[in-house]
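For reference, the structure is listed below as structure tokens.
The values are calculated or read from the model by the stated rules, or taken from the named source; none is laboratory data. Everything numeric here is computed off the predicted structure, so don't read it as measured data. All Cβ positions, glycine included, derive from the backbone under ideal geometry; neighbour counts span all protein chains shown.
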Amino acid sequence: MRLSEQFGIVPVIEPENHQASGVDGDSVSMENYGHVTFIFLFGEMGGTPVLIIYEGAAAGDKTTPLTFSYRYTAADLKNATADQLSAEATSAALDLAHGTFEDRMLVVEIDATELTDGYPWVTPEIDDAGTEVFVACVAIMSKPRYSEDVMPTAIA
């Protein structure tokens, strides 16, 4: 089976410079999924924006910050070991220092069991502390309740 037939693949943040305005990613619903992996690709960064992942009762709700697991690449993209990830760590508000995350990939993992009952929506937010933040994000929704050629939607 193809990856796209086993997992939901959701665009969350379009690739562009979000500058000092910050950005909310598209909310994804965990209602039909057991796990979500957010994959962030960072380019140029200035300042130290902060990544927070929220849970909520509806799309766009940012009710409660979640503590999430994350790993990031050992080297800048397109270099040796850029496919190797750091040891797993956790955060509820991750400082995206440009010296650590510029030109890197960040992988954030959340299990549906970590969410509060009645709050199936998950929304990533990068605050406005960065003077420039080139970023894109895609979510991989895994452990679907019902596997299909076309996965059930996870966005509103």
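Of note:
- The residue pairs whose first member lies in segment 33-48 and is over 10 Å from Leu96 (Cα atoms), whose second member is among the polar types (S, T, N, Q) and assigned to a strand (DSSP E or B), and whose beta carbons are closer than 9 Å, counting only pairs six or more residues apart or on different chains, are Tyr33/Ser142; Gly34/Ser142; His35/Ser142; Val36/Ser142; Thr37/Ser142; Gly43/Asn17; Glu44/Asn17.
- Test: Thr90 is outside any loop (DSSP other than H, G, I, E, B), at pLDDT 95 or above and surrounded by fewer than 15 Cβ atoms within 10 Å (Cβ to Cβ): yes
- Among residues of segment 49-87, those that are surrounded by 13 or more Cβ atoms within 10 Å (Cβ to Cβ) and within 15 Å of Ile39 (Cβ to Cβ), counted: 12
- The number of residues in segment 1-43 that are modelled with pLDDT of 90 or more, more than 13 Å from the chain's Cα centre (by Cα) and among the acidic types (Asp, Glu) comes to 1.
- Where strands (runs of 3 or more DSSP E) fall wholly inside segment 4-77, the ranges with 2 or more residues that are touching a strand residue (DSSP E or B) at 6+ places or on another chain (Cβ under 6 Å) and closer than 18 Å to Ala154 by Cβ are 8-17, 33-47, 50-56.
- Restricting segment 93-133 to residues that are hydroxyl-bearing (Ser, Thr, Tyr) and in a strand (DSSP E or B), the residue that is surrounded by the fewest Cβ atoms within 10 Å (Cβ to Cβ) is Thr131.
- For the residues Thr100, Thr73, the requirement of being touching a Leu at 6+ places or on another chain (Cβ under 8 Å) and in contact (Cβ under 8 Å) with a residue 24 or more places away in the chain singles out Thr73.
- Residue in segment 127-136 that is among the hydroxyl-bearing types (Ser, Thr, Tyr) and touching a strand residue (DSSP E or B) at 6+ places or on another chain (Cβ under 6 Å) present: yes
- Test set (1) at pLDDT 95 or above; (2) within 22 Å of Glu44 (Cα to Cα); (3) not basic (Lys, Arg) - Thr123 fails condition number: (2)
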